[in-house]
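Q: I'd like to ask you about the structure that follows.
Please treat every number below as a calculation from the coordinates, not as lab data. From a predicted model like this one, the values you see are computed outputs, not experimental measurements. When we count neighbours, we look across all protein chains shown, and the Cβ atoms used for this are built from the backbone with ideal geometry, even at glycine.
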Amino acid sequence: MKDYFKVDEWKIIEEGFDPHYNKVAESVLSLGNGRMGQRANFEDAYSGENLQGNYVAGVYYPDKTRVGWWKNGYPEYFAKVLNAANWIGIDVWIGEEQLDLAKCEVISFRRELNMKEGYLKRSFHAKTAAGKEVAVEAIRFCSMVDDECGAIKYSIIPVNFTGEITITPFIDGDIANKDSNYDEKFWDEVHKNTADDISSIQLRTKKTGFEVLTAMKCVLLQGDASVDYRSTPILKEKYVATEIKVEAKQGEVVTLIKYATNLSSQNYKAEDMAVRATELLATISAKGFDIMLAEQAAAWAEKWKNNDIIIEGDAKAQQGIRFNIFQLNQTYTGEDDRLNIGPKGFTGEKYGGSTYWDTEAYCVPFYLATAEQKVARNLLLYRYKQLGKAIENAKLLGFKDGAALYPMVTMDGTECHNEWEITFEEIHRNGAIAFAIYNYVRYTGDEAYLDDYGLEVLIAISRFWSQRITWSADRQQYVMLGVTGPNEYENNVNNNWYSSTIAVWCMKYTLEVIDKVKASDNAKYDALATKIAFNETIESGRFADIIAKMYFPQDEKLGIYLQQDGYLDKEQLLVTDLPATERPLVQKWSWDRILRSVFIKQADVLQGLYFFEEDYDLETIRRNYDFYEPRTVHESSLSPCVHAILAAKLGDVERAYQFYLRTSRLDIDDYNNDTEDGCHITSMAGTWMSVVEGFGGMRVKDGMLSFNPLLPEEWGALSFQIGFRGSLLNIRIAKEGTTVKNLSDTAITVILKGASQFVEAKNEVFVKA
Ligand code: BGC
């Protein structure tokens with residue numbers, strides 16, 4: 001764990017510049033607004049180590065797969081989010097020298113992400129090789145209000161000289177993905193233009209044909225006065241710039257304001273984008289930078305009103321949770337049901353920017369409680385719309401009759417992952433998609449979703465399970481062979497308890513929903529059954545038979561569920577037996593050694609006990625937790641949060657707190673030595689869950705919210721906001737007791753520590769600890 005960033009409740013601050021840490025800082029200080037985002041790269045040139053990253057949501061490229069040994073059924077392409085045109089660039093020349101912090105003496109440096117108001121500020125004082133000193137301040141943001149726009153205010157003060165400074169704002173579209181499989185570039189130029197004060201460049205992705213137009217308009221100020229500057233256009237392959245020469249005076253600030261826009265052909269006809277960009281740039285430049293920034297602060301204030309979590313008396317924990325909430329809101333706003341949440345969001349290329357089961361298992365609860373209902377619904381609809389492809393995908397693998405296998409990794413519904421043990425075997429992802437439907441309906445009460453969309457997905461998923469599970473004549477039970485559970489440190493195992501449990505749960509839930517839909521709208525049910533050729537007698541009959549006769553591995557003596565058949569044959573070591581020098585295992589051990597070992601990457605049996613806790617008594621959960629956690633290395637970012645929630649449920653507040661710290665500061669403190677690739681965005685939703693479901697003990701039962709609070713010693717108090725079926729609640733857990741404040745106009749009944757409490761509109765109840 002590193003203490004690189006300063007602790008502050010609303011900011012992430014880098015004080016002083018450590019080039020070795022630059023890529024981590026670029027990830028952590030990333031910006032985004034749901035439509036586009038970027039790493040915290042410098043505007044000015046930097047020849048030191050960095051990872052340039054600008055991304056436009058939903059714009060991807062299917063890169064040709066690269067594998068060691070081809071296996072039938074592998075997808076041919078891996079769609080990856082594209083590193084897009086760099087619109088932040090501003091080259092600065094001081095006389096004949098280019099400003100490049102890698103070549104200057106950096107006298108002071110500070111970069112800070114202001115999470116309260118949603119902007120990034122960088123300031124530094126540097127001396128060039130020729131001894132010229134400049135003080136620079138750059139503020140920029142991706143606008144939450146004008147979400148196709150961003151703006152930068154870049155100010156330079158010549159500290160010890162008077163002379164010419166050349167400022168060249170540019171858009172560079174000659175960008176390559178670092179993760180390109182064959183070192184190819186994915187963008188072609190369509191056209192570029194500099195006319196009047198606007199420069200633009202339109203690029204088209206190879207194969208997918210997405211077009212993105214990036215345009216800029218610049219304003220120059222000397223002192224406080226706007227200057228009518230003369231500029232020279234520079235046009236190169238996939239590059240436009242405008243060179244501005246300024247006679248700068250010692251001590252007088254020169255400011256360039258760069259307004260930019262990114263438009264995608266997903267939202268406009270390609271031929272209309274130039275006109276639209278001109279309009280948008282006119283609108284935002286008429287507003288001006290300061291008003292845009294004020295609007296940005298107001299938009300974030302609105303978000304924080306519903307989203308903020310306040311942890312009193314523990315600034316590190318406070319910074320951690322706000323950072324997670326901030327990044328989640330920057331990544332996905334739920335405006336567009338074609339978009340989803342990549343594990344790295346807009347902070348890096350790893351994982352291809354694609355959709356994983358992370359969305360359904362981890363992110364949906366966050367958006368359910370902190371955003372309008374349509375946001376979580378849009379995440380569900382994203383999968384509904386991809387059902388056809390999931391059926392196609394299953395068909396490719398030999399399944400039939402409308403069985404659906406959702407992809408492990410996807411952009412548009414097509415499977416992208418190409419390691420057989422994951423692509424073909426990590427099928428529990430199908431279960432998470434069904435679970436999210438259940439979770440959404442349980443939370444919102446929107447049962448009509450089941451009639452219109454949910455049941456169709458559930459039947460297709462259950463059809464898959466019913467074909468994937470086999471009858472063992474030997475056991476006289478159903479079994480599930482050759483799977484990989486959430487713990488990816490085991491492959492091709494038989495009867496992974498979690499996968500079997502979620503499969504059976506899917507079938508049970510499907511049967512329940514069939515009855516519900518029939519009761520609510522029989523004609524709709526009949527129409528669906530006809531559309532998908534569902535033979536209720538035969539297919540429901542098979543689901544019921546599997547439910548009744550499924551085999552689940554367990555050990556009677558230990559009183560635990562077995563992660564898979566044969567798990568106890570492994571040498572029963574514990575994580576405490578591992579020397580620190582051998583961790584993380586994924587970097588230190590050969591893969592076969594990992595597979596043979598007892599060590600667990602992330603919650604597996606425990607993931608099931610977390611999802612389906614109501615089906616198990618506390619002692620069963622405790623026995624399994626006490627057995628599996630000491631064998632878990634938490635080498636997936638998704639692991640600590642589930643353990644935090646379970647530890648809290650079991651009343652172990654200290655362990656819950658340790659897991660909370662680990663999940664919430666995973667990127668700020670670069671726990672896993674991999675933040676330079678990007679932040680772990682999806683696990684940030686897990687962090688939120690660990691506070692609200694862990695310490696808040698929040699659950700939804702029978703259409704009601706219930707809370708079972710638990711406060712870590714280290715915290716003075718904890719408070720969070722929850723939106724639930726039209727009400728907005730503030731829950732404050734303090735040492736003396738818990739207050740539920742109803743901020744909305746609708747009265748609500750909640751369960752607090754097991755007792756029902758009626759909370760009138762705009763009123764509160766307090767229950768002693
Ligand atoms: C985890 C998966 C997860 C993926 C993306 C992997 O390391 O094992 O469960 O879906 O990362 O976050």
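Q: Residue by residue through the stretch 623-631, what is 3J(HN,Hα) from phi via Karplus (6.51 cos²θ - 1.76 cosθ + 1.60, θ = phi - 60°)? Round to whole Hz and write x for glycine and proline.
A: Couplings: 4, 5, 4, 5, 7, 7, 4, x, 9 Hz.
Q: Expressed as a whole number of Å, what is the distance separating the alpha-carbon centroids of the stretch 358-402 and the stretch 442-486?
A: Computed from Cα coordinates, the inter-centre distance equals 14 Å.
Q: From the phi of every residue in the stretch 238-255, what ³J(HN,Hα) in whole Hz does the Karplus formula 6.51 cos²θ - 1.76 cosθ + 1.60 yield, where θ is phi - 60° and glycine or proline is x?
A: For the stretch 238-255, the Karplus-derived couplings read 6, 8, 10, 8, 9, 8, 10, 9, 10, 7, 8, 9, 3, x, 9, 6, 10, 10 Hz, x marking Gly and Pro.
Q: Okay, helix-only estimate at 222 nm for the chain: each DSSP H run of n ≥ 4 adds -39500 (n - 2.57), divide by all residues, round to 500 deg cm²/dmol; what do you get?
A: For the chain, the value works out to -9000 deg cm²/dmol.
Q: What size of dipole, in debye to the nearest 20, comes out for the chain about its Cα centre when the only charges are +1 on Lys and Arg C-beta atoms and -1 on Asp and Glu C-beta atoms?
A: 740 debye
Q: So, one more: Just name one of Asn496, Phe17, Tyr438: the one whose Cα is farthest towards the positive end of the charge dipole of the chain (beta-carbon charges, Lys/Arg +1, Asp/Glu -1).
A: Toward the positive end, the furthest listed residue is Tyr438.
Q: So, in Å, what gap is there between the alpha-carbon centers of the stretch 293-314 and the stretch 629-702?
A: 22 Å
Q: Would you work out which of Thr278, Ser123, Phe161 lies farthest towards the positive end of the dipole of the stretch 90-305? Charges go on Cβ: Lys and Arg +1, Asp and Glu -1.
A: Farthest towards the positive pole: Ser123.
Q: Amide H neighbours of Ile600 under 5 Å, counting only residues 5+ apart in sequence or on other chains, H built in-plane at 1.01 Å?
A: Thr632, Val633
Q: Which whole-Hz ³J(HN,Hα) couplings does the stretch 163-180 yield from phi under the Karplus relation 6.51 cos²θ - 1.76 cosθ + 1.60, θ = phi - 60°, glycine and proline marked x?
A: Each residue's phi maps through the Karplus curve to give x, 7, 10, 9, 10, 10, x, 9, 10, 10, x, 8, 10, 10, 7, 5, 8, 4 Hz.
Q: Cross-link list Lys649/Lys753; Lys11/Lys303; Lys121/Lys185: which exceed 23 angstrom alpha carbon to alpha carbon?
A: Exceeds cut-off: Lys121/Lys185.
Q: Here's something else I'd like to know. Against the longest alpha carbon principal axis of the chain, how many degrees, from 0 to 90 and to the nearest 10, is the axis of helix 273-287 turned?
A: 70 degrees
Q: Additional query: Report the percentage of all Cα-Cα pairs in the stretch 132-181 whose separation exceeds 11 Å, rounded to a whole percent.
A: 80 percent
Q: Round to the nearest 10 and give me the degree value, 0 to 90, for the angle of helix 387-396's Cα axis relative to the longest principal axis of the chain.
A: With rounding to tens, the tilt is 70 degrees.
Q: How large is Rg over Rh for the stretch 696-769, taking Rg from the Cα atoms and Rh as the Kirkwood inverse mean of 1/r across Cα pairs?
A: 0.94
Q: So, one more: Given Cα pairs under 8 Å that are at least 6 residues apart, what percent is the relative contact order of the chain?
A: 12 percent
Q: Considering the options Ser639, Gln38, Trp300, tell which one lies farthest towards the positive end of the dipole of the chain, charges being +1 on Lys and Arg and -1 on Asp and Glu at the Cβ, about the Cα centre.
A: Farthest towards the positive end: Ser639.
Q: Under 20 °C and 1.002 mPa s, how fast does the stretch 90-305 diffuse according to Stokes-Einstein, given a Kirkwood radius computed over C-alpha pairs? Answer in µm²/s, whole number.
A: 115 µm²/s
Q: Roughly what angle does helix 373-385 make with the longest principal axis of the chain, taking Cα atoms, 0 to 90 degrees, to the nearest 10?
A: 70 degrees
Q: Dividing the alpha-carbon radius of gyration of the chain by 2.2 N^0.38 Å (N being the number of residues), what value is obtained?
A: 0.99
Q: In the stretch 696-769, what percentage of the DSSP-assigned beta bridges are antiparallel, given to the nearest 5?
A: Among the beta bridges of the stretch 696-769, antiparallel pairing accounts for roughly 95 percent.
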